[in-house]
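For reference, the structure discussed in these notes is given below.
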Ligand code: SF4
Ligand code: SF4
Ligand code: SF4
C-alpha cells in the first residue's frame, strides 16, 4: 500500500546463503527446531499479535505476527521483552500460595507521615514473612476470615417495608451492594472471561464494592463519551488511523504508550496525507514526530478545544455550511441551540485561551485553522480531523468535561463516524477495554447495565417479563411502571402508551440484560408470586445487588472514614503504587483485616497482603481480550505457569466454590426460599396467566469442560466465553452458536467480497478520498463490538464519503427479523455490522441502514411482538449448563391471538439456532440514535444540604453565570488564603457549589456544556476566580474542605491556591505545577516492567523531567537528587534537566511544569520508596471520581544525595545464564 | 550479492525495540545500567549491546528531539578486518562484517582500527563483540533482528543497490553510500526531514570522513605475520589475566 513498506523486501534464501555462519556464543537461535505459538501482546491496548518460538515449556524468541493487521509483524520494546516474563526465564515469579506470618503496620502511622523515606523506614519493619501453603490451605484461610468479616458487618438480605427502597409488606430480599465488607479490585490485565467471572462473583456475593484500574485511567472517557455518543470507546481502529487528515494528540503520547499505533501515523505523515499536531505539557516521543507542537498548561484542555470551535464558528463560519446543518441533525440540538452554544464559545477567543493555556496566539490560530479546514463539514465529508487522548485528558476533576469538549468539537465539525475521523481514547492495559465492558466497576453490571436501587424497579421489571420480555416498541408499561422508571407515558387508567424515547429504550435494554443475567447466572430478579408484580404483599426479590458501591478512589473513605470495608480481594492490581495520595491506600490496606492478592510478582501491594496467590501472565492462560479499538482477539497459551501458579480464572472459580461450599455465598432468593421461577406471561387480551416453563434457581459457576490442559479442564475459559455472549448484550454476536465457534478466534486479514455484509467497505474496492488508498476494515480479523462494527457511528460513510449506495435483500421468511425488514430490499448507507441469524446460521446485516449513535443499546426483538407473540430470551433457558456446554435452550414461544394462544417450538417457525437471540435493528431504531451534543449531568431539583437546589442548563445559567463569578471573586479578593473560606461559605450558604441563590432557590449549573474550570490546585488566583474550580461540586471531594473528624489532616492535604502551598513550602524551594506519566519502557506501576531485566536496563532509576531554566535557577544538574513535595508528601528522585519541559506564561505569570514518571516503587528488582503517587491528590472528577493526577501543585529543590534511595537485586536475573536451549 | 540496512531518523520514535531485539537474538546478557540524563542507555555500545538508540535534544528556541541508532557500519573496506591478525574479523559477500569468537584472541587491534568506535572488548571472555548485521538471520532468509522488530519502518533492509536507488528516487539524502577511508558502508542513514544534518555535529554528527586511527593498521602491514604472532601471544596472556581477575572477584 505504501512506498515505505516496499523498502523492506522479504528476502529469499539465495543459493549463496547455504553456507551457515557459525557465530558461536553469539546469535543463531535455531528457530527451525522450535514450535511456533501465536498469542496477543500482554502489555498495551494496541493488541499486537505475537509469535513465540518455544521448546517445551521454554520460550526462545518472539516476533510480531505478520498476519495481524494491528501490527503487521512489528513490536515495540515491551512486546519484545515479553520473553523475560515467563517462569522459565524470570526467577522472581511467584510459584506457590503463601500466607503471611508476621504483623502488618499500624495504619495510623502512615497518615501522620509526609516523607517517603520515613514511610519506607517504617514500612520495612513489616516486610512480609511468608509461609508456603497449598491452594487448599490458602482457600481455607481466606474462607474462615471472610466468614468472620461478614458476621462482623451483619450483611443481610432481608429488608422490611420502609416505603422507599422496599415497598413490600411481605418484605424485600436483596443485598445492599455498597455495604459488603470485602472490596474487590481486579486489574485490567485480566482476560474478558476472568473479568466477567469476577464481576459475576461479586454479584453473587451481593456486592457492588468492586472496581478496577479503569476508574483511574479512562472512567471519565467512558462517562463522557457514553453519555454523548452511546459508548465509551475508541471509534476508529488503529489501521483506520492511517486515513486521518489531521491528527490532534491532546493529552496522549502514543509513541511512548502505544508505540506500534504510530506505524500508520508515520506512514501517512510521510506520504503527506496526515498532519500530526501535538499539544502537551511535556515534549515526548510523539511530539518529536509532530508537524506542529505546542506546550500547554495541564488542565486547560476545554479552553483549547473551545478555541478550535471559536475559530470554526467565528472565522470559518461553519454553521452556515450545508454540511454542518445536515450533520447537526444527527445530534439533539437544533440551530437555535447552536446559537446559544456559540455564545458560550464566544468567551474563548484567542487572547483569553492563550492566557489560560499558555499557548501563544499565533500557534493557537495555526492549530485551529489546520484542524477546522480538514474537518468533515469543511470538506463535505471527504477529509477528517481526529483527536487522540489518554490520561492527559482524563485524570482531571474536569475529566468528563474535557472528553465532552472533544466530542462536541467532533460533532460540530462532522468528524464522527467516518473512516479517518473520530475520537480515539487509547486505552492503557491490553484488556482495559474488555475489563471495562465486563464492568469490574462499582456503578454498573457487565455490559454497562444499570444497578437497581429500589423495589419498584424490580416490580416494573417483573411486569415487563409478564409482557413477554418486549423491546421498547412493543412494551405497554402500567402507570406504576412508568412512574417507577420515570418513563414518558400517556395513560388512560392503567392502560398506557409509552413514548419511545431514549429513556424507554435504555430501560428496555437494561431489563433485557437483567434477564440475560438471570438465565445465565441461575439467579432470580422479580416478585413472588411472579404474576402479581404490583401487589404490595408480593415479595420483592433481587439477586442483583442494589446501590452503587465504593470505587478505587472512594474505597479509602470506605475503610478509613466510614469503616464499611474490612477486607479486600485483589487480582493483578497494585494500588499501593497506582492510587493517588498513596499513603491513604497504604493506611487502608494496613487497616484491613483480610488482604488477598493474586499476582505474578511480590509487588508493593503484596507488602500489605495476608495471603499471596501466584497467578499467571497472559501467555500462560487462554481467553479473549479486547484491544483499544474494541477488537476481540483470542490469546493462546504459550507456556505453563511456573510451579504451582494458576490462571486467575481457575483461582477465582475455585475460591468461589470453596466460599459457596462453606455457606458464604447465599442468594437473596435462597433466603426468601425461592428455588424456582415459574416463567410466566400474561395474555394481552384475555389477561390469562400462561406459565411457559419452570426453571430452577441455583447460582451457576460450573466451567469444567475437557481440554488438553488439566487446569483448563477444571475451569475452561471457552465455556465462560460462551456465557459472556449470552449474558452480556454488548458482546452478543461474538460467538457463532450455529457453528459453535468463537469469532474472536478468526484470523482472516483478507478482504471480504463486495457481496458479503459490509463487503463494499472492506473489499478494498473503495479508495479513501484523503489518502487515495484502498479502504479496509478487516471484518474477519477477530470480532468487534457492537455486532462486529469496526467504525462506530458509521451511518453515512458509503453515502457521503464515497457517494455509493448498497443494498441488502431480506427475502420473505428467510431471516429472523421483524416485519419492517422481512421480505424487503433495504438501502445500506454505512457500516451495518452483522449478526449470526438464528434461522439461517449465516451472517446478516445488524444495524440497517448503518450504525448510528447509541445503537446496540436500542434494539428490537423478532420473537416478541405486541398482541402476536411472546418469548423469553433464547426461547427460555431451564439449565445454564446445557446452554453453555451444549448450546441448547428450550426454544419455545407463545403465539397469541385475540382469544387464545399456543405454545410452540421456535423450530416450527424455522428457527434452527434459538440460542442466537433474535434481536434486529431497522431504520426506526437507527433513527432514534441521536448524539447528545447537549447533556446535563445534574438534572432536576433536589434538596442538598438542606437547601433546595435547581440545576439549570446553560440557556438559563448564562443569566446568572457572571454574577456568580463576580460574587465569588469579590469574596476572594486578592488573598489566596480567602479562596478556601469562600468556597466553604458558598457551599454553606447555597447547599451546592457552582451555584447562586435566587428567589429562595439555589440555581446550580447543570453542566450541559463543558466550560473551563481551574484544577483543584490552581497556580493562578486570577484564573481560579474567573474560572472557579468545579471539584467542590462532588461530595467526596468536600472531604478536603470539610474534613471528617477521624481524618482532620485531610483539610491540609489539598492546596487550593499557590498561597496555600507556599505556607508549607521550604524557603529554598520553587513552586511548580506537576504532572505524572508513565514511560515507553515502564508499565504502569512498574510491577511487571521493573522485574523485566530488558526493560529495567533501559530505564533503571526514578527521575523527574525538569525544565532547563528552572533547573538553572535552582542550580540543579541532570543526575542530581531533587526533593519534590506537595501538600501530601515529598519524594526524592534524580533530575533530568531538559528543554522538553515548558516555562509557561499564564495570565502574566511564569509557571513551570515538572513531570514525574510514576512506575516506581519499593518492591521488586529495582526499588525506591519514592512512589510518585504519594504526591498526587485524590480529589476526583465530579462525575466519575477519577483522580486529578495530571495537574497539581508542588515544589522542588535540590536535595542531599543520601535522601535518594535506590536499590536493586544484587544479581539481575541473567537471561543468558538461565540457559536458552 | 550485497545487502544494506538503513536507519531513517524521520520515522524513528525511539521505542528501542531494535535495541532489545538485538540483545535477545544475540543472547547478550542484560547490563547493570544507571540513570541516564537523556534516556540513552547504556550510554555507548558495549560488548553486550551491539546497538543502542542515542537520544539528543537540539534547542534553538524550539526544542527538537532526535534519535540515532548506532551499531556496526559494515564498511566496504573495513579497517577492523585489515587490522585483525587472526582472521577472526571477517567480511562476507553480503557486506556483513562479523567477528568469529572462537578465532578472536582479544588483541583489540580492531578496536583501535575502527573509525566508528564499534568493536567492544569483553573483559570477561577476553574477546571482542559487535553487531553481526545478523548474517546468521540473513542467510536464513530473515531480516536482521532489529529491522524485523522496528514498528515504524525506521529500519529497512534490502539489496544494497536497490535500496539506495529507491531511497534516492523518493528524495532521501543518504549517508554511507560512499565514504572516505572505508569506501562506503552497508549500514546507511537516510533522511528527508533532516537534510544536511546527518553529519552536522549539532544534530546527528556522523563523521564526514571516518578517520582511520593511527597505529594499528600500518603496524600490521609493516611487520607482517611475525608481529601478528606476537600480538596473538600477548592477547592470549591478556585474556588469561582478565579471566583470572574475574575468578578472583567472584
Ligand atoms: S505496541 Fe503495545 S501491544 Fe504492541 S508490542 Fe508494544 S506493548 Fe505490545
Ligand atoms: S543487525 Fe543484528 S546484530 Fe546488528 S544491530 Fe541489528 S540486530 Fe544487532
Ligand atoms: S525499533 Fe525503530 S522506531 Fe524503535 S527505536 Fe529502533 S529504529 Fe527507532
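Just a few scattered comments:
- Scanning the range B:25-40 for residues that are within 16 Å of ligand 2 (Cβ to nearest atom) and surrounded by fewer than 22 Cβ atoms within 10 Å (Cβ to Cβ) gives B:27, B:28, B:29, B:31, B:40.
- If you go through the range B:99-110 and keep only what is out of contact with any strand residue (DSSP E or B) (no Cβ under 7 Å at 6 or more places or on another chain) and within 12 Å of chain A (Cβ to nearest Cβ), you end up with B:102, B:103.
- The sole residue among B:113, B:96 that is at negative phi, more than 9 Å from every other protein chain (Cβ to nearest Cβ) and away from ligand 3 (no atom under 16 Å from the Cβ) is B:113.
- Taken together, the residues in the range B:16-50 that are away from ligand 1 (no atom under 16 Å from the Cβ), under 24 Å from residue A:1140 (Cα atoms) and facing chain A (nearest Cβ under 7 Å) amount to 5.
- Within the option set B:166, B:197, being free of Cβ contacts under 8 Å to residues at least 60 places away in the same chain, farther than 22 Å from residue B:54 by Cα and in contact with a strand residue (DSSP E or B) (Cβ under 9 Å, 6 or more places away or on another chain) holds for one residue only, B:166.
This table checks each residue for (1) under 23 Å from residue A:1164 (Cα atoms); (2) within 12 Å of another protein chain (Cβ to nearest Cβ); (3) out of contact with any strand residue (DSSP E or B) (no Cβ under 6 Å at 6 or more places or on another chain); (4) within 16 Å of ligand 3 (Cβ to nearest atom).
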| position | (1), (2), (3), (4) |
| --- | --- |
| A:72 | no, yes, yes, yes |
| A:77 | yes, yes, yes, yes |
| A:83 | yes, yes, no, no |
| A:105 | yes, no, yes, no |
| A:122 | yes, no, yes, no |
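- Flag for residue B:72 being surrounded by 24 or more Cβ atoms within 10 Å (Cβ to Cβ), within 10 Å of chain A (Cβ to nearest Cβ) and outside any strand (DSSP E or B): no
- Here residue A:1079 fits the description: at negative phi and touching a residue at least 60 places away in the same chain (Cβ under 8 Å).
- Just one of the numbered conditions (1) within 20 Å of residue A:824 (Cβ to Cβ); (2) touching a helix residue (DSSP H, G or I) at 6+ places or on another chain (Cβ under 9 Å); (3) not in a helix (DSSP H, G or I) is not true of residue A:917: (1).
- Of note, residue A:514 does not satisfy the criterion of being within 34 Å of the chain's Cα centre (by Cα) and within 24 Å of residue A:685 (Cβ to Cβ).
- Taking the criterion of being more than 10 Å from chain A (Cβ to nearest Cβ), surrounded by fewer than 24 Cβ atoms within 10 Å (Cβ to Cβ) and closer than 29 Å to residue B:102 by Cα, the residues of the range B:123-166 that qualify are B:123, B:124, B:126.
- The lone exception for residue A:957 - which of (1) touching a helix residue (DSSP H, G or I) at 6+ places or on another chain (Cβ under 6 Å); (2) closer than 24 Å to residue A:299 by Cα it fails: (1)
- Selected residue (criterion: modelled with the lowest pLDDT) from residues of the range B:127-137 that are out of contact with any helix residue (DSSP H, G or I) (no Cβ under 7 Å at 6 or more places or on another chain) and part of a helix (DSSP H, G or I): B:136
- Residue match in the range A:92-106 (condition: part of a strand (DSSP E or B) and within 16 Å of ligand 2 (Cβ to nearest atom)): no
- Among the residues making up the range A:1092-1144, those that are in a loop (DSSP other than H, G, I, E, B), in contact with a helix residue (DSSP H, G or I) (Cβ under 9 Å, 6 or more places away or on another chain) and at the interface with chain B (Cβ under 8 Å from one of its Cβ atoms) are A:1118, A:1139, A:1140.
- Any chance residue A:442 is buried (at least 24 other Cβ atoms within 10 Å of the Cβ) and touching a helix residue (DSSP H, G or I) at 6+ places or on another chain (Cβ under 6 Å): no
- In summary, residue B:42 fulfils each of the numbered conditions (1) at negative phi; (2) within 13 Å of ligand 3 (Cβ to nearest atom) with the single exception of condition (2).
- Condition met for residue A:722 (assigned to a helix (DSSP H, G or I) and either within 17 Å of residue A:882 (Cα to Cα) or in contact with a strand residue (DSSP E or B) (Cβ under 8 Å, 6 or more places away or on another chain) (or both)): yes
- Identity of the residue in the range B:169-195, outside any loop (DSSP other than H, G, I, E, B), closer than 18 Å to residue A:271 by Cα and within 12 Å of chain A (Cβ to nearest Cβ), that ends up farthest from ligand 3 (Cβ to nearest atom): B:169
- The residue list B:13, B:53 contains one member that is out of contact with any strand residue (DSSP E or B) (no Cβ under 7 Å at 6 or more places or on another chain), buried (at least 20 other Cβ atoms within 10 Å of the Cβ) and within 12 Å of another protein chain (Cβ to nearest Cβ), which is B:13.
- Residue B:66 at the interface with chain A (Cβ under 9 Å from one of its Cβ atoms) and within 11 Å of ligand 2 (Cβ to nearest atom): no
- Residue tally, condition away from ligand 1 (no atom under 16 Å from the Cβ) and surrounded by 24 or more Cβ atoms within 10 Å (Cβ to Cβ), over the range A:68-97: 4
- Checking residue B:9 against (1) within 11 Å of ligand 3 (Cβ to nearest atom); (2) in contact with a helix residue (DSSP H, G or I) (Cβ under 9 Å, 6 or more places away or on another chain), the condition it does not meet: (2)
- From the list A:138, A:81, the lone residue that is within 16 Å of ligand 2 (Cβ to nearest atom), assigned to a helix (DSSP H, G or I), within 30 Å of residue A:582 (Cα to Cα) and touching a residue at least 12 places away in the same chain (Cβ under 8 Å) is A:81.
The values are calculated or read from the model by the stated rules, or taken from the named source; none is laboratory data. None of the values given here were measured: they were computed from a predicted structure. Cβ coordinates were reconstructed from backbone atoms using ideal geometry, including for glycine residues, and neighbour counts include every protein chain displayed.
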